[in-house]
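**Q** So that we are looking at the same thing, I have put the structure below in structure tokens.
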Amino acid sequence: MDDKLTYKKKILEACLTEQIRLEEHNREIMKEAQETANESEQTQDLYDSYRTQLLQKRDMFAKQLQKIIEERIVLERIDPGDLHDAVQFGSVVITNKQKMFVSIGMGKFSLDGQEFFAISPLVPIYKAMEGKKKGDKFRCNNNEFTILDVF
């Protein structure tokens, strides 16, 4: 039981670390775009298309940053000490084909040399396995999965 708790905590920490890295990256890009736009403003006309492009880039990354922050907040609501016996939000699901963490749609990541997929509860594979337990089977995209463990 403790191994599952430790494992789930490591998975959650890996996802949070990636979200924080993405936040920092986006903040840096936004800062660079703003600084370059400010320099451009000093040397050229206020309505310069290059400056406009830089400000649009900054705004685009600001929207992405907001989404990343919202996803981090969702991750922070997951209690790594809460083990599940059925697939639900916050579950680690080990199948015969892949390992998944039901959290946010972050995609593939590695932990201790193993591949995981952080998936959103909005994706079809989650809908197919929602509520299933260890030993249950489900189908998604013409593939049959067997749940080997849920916690």
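**Q** Starting from the exponent 0.38 and prefactor 2.2 Å, build the expected Rg for segment 1-42 from its residue count and divide its actual Cα Rg by it. Mind dumping the intermediate values first?
**A** Working: Rg = 18.3 Å, N = 42, 2.2 N^0.38 = 9.1 Å.
Its radius of gyration relative to the 2.2 N^0.38 Å reference: 2.01.
**Q** Farthest toward the dipole's positive end in the chain, which of 69, 19, 98, given Cβ charges of +1 (Lys, Arg) and -1 (Asp, Glu) about the Cα centre?
**A** So the residue we want is 98.
**Q** How are the Cα pair distances of segment 74-137 distributed, in percent, across 5 Å bins from 0?
**A** 4, 17, 31, 28, 17, 3
**Q** Then there is this: I need the Debye-formula profile for the chain: one equal scatterer per C-alpha, no solvent, reported as log10 I(q)/I(0) at q = 0.08 1/Å, two decimals.
**A** -0.33
**Q** Helix 49-76 versus the longest principal axis of the chain: what angle, 0 to 90°, nearest 10, using Cα atoms?
**A** 30 degrees
**Q** Test of understanding: what is the full-extension gain from residue 128 to residue 34, defined as 0.36 nm times their sequence separation minus their Cα-Cα distance?
**A** Stretched out fully, the residue 128 to residue 34 stretch lengthens by 29.4 nm.
**Q** Can you tell me the 0 to 90 degree angle between the C-alpha axis of helix 2-43 and the longest principal axis of the chain, rounded to 10?
**A** Here the helix axis deviates by roughly 10 degrees.
**Q** So what is the accessible area of the chain per residue, in Å², with the probe set to 1.4 Å?
**A** 60 Å²
**Q** Could I ask something else about it? Take the solvent-accessible surface of the protein heavy atoms, probe 1.4 Å, and return the percent of it on segment 1-145 that carbon and sulfur atoms account for.
**A** 48 percent
The values are calculated or read from the model by the stated rules, or taken from the named source; none is laboratory data. Bear in mind the structure is a predicted one, so any value in this text is a computation, not a measurement. Cβ: placed from backbone, ideal geometry, glycine included. Neighbour counts: every protein chain shown. In case anyone asks, the SASA skips ligands and DNA or RNA and just uses the protein heavy atoms, side chains included. Shrake-Rupley method; radii C 1.70, N 1.55, O 1.52, S 1.80 Å.
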